[in-house]
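Below is one structure, written out as structure tokens; the observations come after it.
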Amino acid sequence: MKKKIYHPKLMILFCLINISVISGCKKDKIDPANFALEFDGETGHVRFNNNESLNPSGAITISMWLFLSKDVNCSSENNWRSLINKGFSWVSLSGYDVILEQDRKFSWSIATVGGPIRYWIHDYLLPIGRWSHLTFVYDGSTSMANIYANGKRIPGDYESRGAGDIIPNFYDLSLNIPAYGSCTKDAGNFPGIVDDMSIWNIALTQSEIENIMNQPPNGDETGLISYWDFDEGKDGIIAYDIAGKNDGTLSEGVSWVTR
């Protein structure tokens, strides 16, 4: 039987609900300063100013915990959301993007010196109402793109297959860019919660992904560019990078929630 995976913040909530019957949950272990970022599904995004460190060339890994609050589809087709955006790589031919596609599927786009790469997964739908750990990996030495869900690689297809190093750009990095022109008003944003997001300039292996899924980074790991635990909510508008210098600014529609 496979061991069930619980996000630490989800376990805190579980303990709160079941404190009287679960012997392993101790009230004094609950950290009231434990936050995550909630997106209202209408207007919110987070912006990280462009920095050279956010333009890795030979490889990249992006990892996060994600909680989808409701279905993302709307009344029109092609209702995508650019969940992580570094310059709309498919259009600008630079940078990288994580796209939440129609029907809760993902694509992973990287602009390389050999052309754009777009990798789709079709056997995994982002679940509604529970946490998922998602990791997006590109290795320029092999020109392979991969997507992992809860530590396991998800098979997919290449719509386009470039090769080599990632082309840098000067765009800011954004978390949640809505699907303008694809959905009705205010229907093209991500509705849910994001936590423990990290970006690396190396291609993490499956075992390394499983490690950070079960134990978040300390902030000084080899290859770690930025790590946002989203626990620094006291300033209201700043998401602190505890591994680098890439702090993020919250817009209206994004709020801190205790997990």
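Every number here is computed from the coordinates shown, using simple stated rules; none is lab data. Everything quoted here is computed from the prediction, not taken from an experiment. Note that we place each Cβ from the backbone using ideal geometry, even for glycine, and neighbour counts take in every protein chain shown.
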Just the ratio, please: alpha-carbon radius of gyration of region 36-258 over 2.2 N^0.38 Å, N its number of residues.
-> 0.93
Site ASP172, offset 7 angstrom along Cα→Cβ, radius 16 Å on amide nitrogen, limited to region 84-117, gives 84-88
Nitroxide proxy distance, nm - points 7 Å out along Cα→Cβ at ARG153 and ASN49 | 3.9
Whole-Hz Karplus ³J(HN,Hα) for region 121-132, in order, using 6.51 cos²θ - 1.76 cosθ + 1.60 and θ = phi - 60°, x for Gly and Pro?
-> 10, 10, 9, 9, 10, 4, x, 9, x, 8, 6, 9
Residue-span extension gain [ASP165 to SER132] - 0.36 nm each, minus C-alpha spacing = 9.0 nm
For region 96-168 the trypsin sites (Lys or Arg not before Pro) that pass both the DSSP coil test and the at-most-12 other-Cβ-within-10 Å test are ARG130
Of ILE110, VAL257, ASN55, farthest towards positive along the dipole that unit charges on Lys, Arg, Asp, Glu beta carbons give region 36-258 = ILE110
